[in-house]
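A quick write-up on the structure given underneath.
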Amino acid sequence: MAVQQPAPAPVPPSNPAPAQIQGASMTEQSPYNFRATAVVGFIVAVVDIIIAARFLGKLFGASSQSAFVNLIYQVSAPMVAPFTGIFGDTASRTNIFETASLVAIVVYAVIGWGIVALIRIVTAPRGTRPAAS
């Protein structure tokens, strides 16, 4: 009659081999809607550039007889209109330092920043804090 010996317990390896994962994607889910914030940033940038072109045109005395200058003035007029009269404009014969354009640039930039912050708060997963910007 043979005596059975108990089987030795398996010893875990000291350096386990890394598990091979095939077909797994290494993309990380963004904590907020990046496309929406990029679109808002783009729109605010376009608006600010148009208003800045108006400001520089007025400052350097660009002729409104030019089709391009007239287009810039016509497109930017509704965007600057709410801020006209807040501060007085300084002018010489042809050059105008239009403060309403500067105020409009700052206000639209702050509004855009606020919308981006709101998008980050609303679209962030629950339990996470939005990234500070």
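Please treat every number below as a calculation from the coordinates, not as lab data. This one's a predicted model, so the numbers in the text were calculated from it and none came from an experiment. Every residue, glycine as well, gets a Cβ built from its backbone with ideal geometry; the counts of neighbours run over all protein chains shown.
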Taking 0.36 nm per residue of separation between Phe42 and Gln4 and subtracting their Cα-Cα distance, the length gained on full extension comes to 5.9 nm
Under 5 Å between amide hydrogens, which residues at least 5 positions from Ala91 or on another chain qualify, with H placed 1.01 Å from N in the peptide plane? Phe97
Would you list Phe97, Phe83, Phe60 from fewest to most Cβ contacts within 10 Å? Phe60, Phe97, Phe83
Report the dimensions of region 34-123 along its three principal axes from the alpha-carbon atoms, largest first, rounded to Å. 51, 28, 17
Residue order, fewest to most beta carbons within 10 Å, for Asp48, Asp89: Asp89, Asp48
Evaluate E = 1/(1 + (r/R0)^6) for Val69 and Ala109, where r is the Cβ-Cβ distance and R0 equals 25 Å; express this FRET efficiency to the nearest 0.05. 0.60
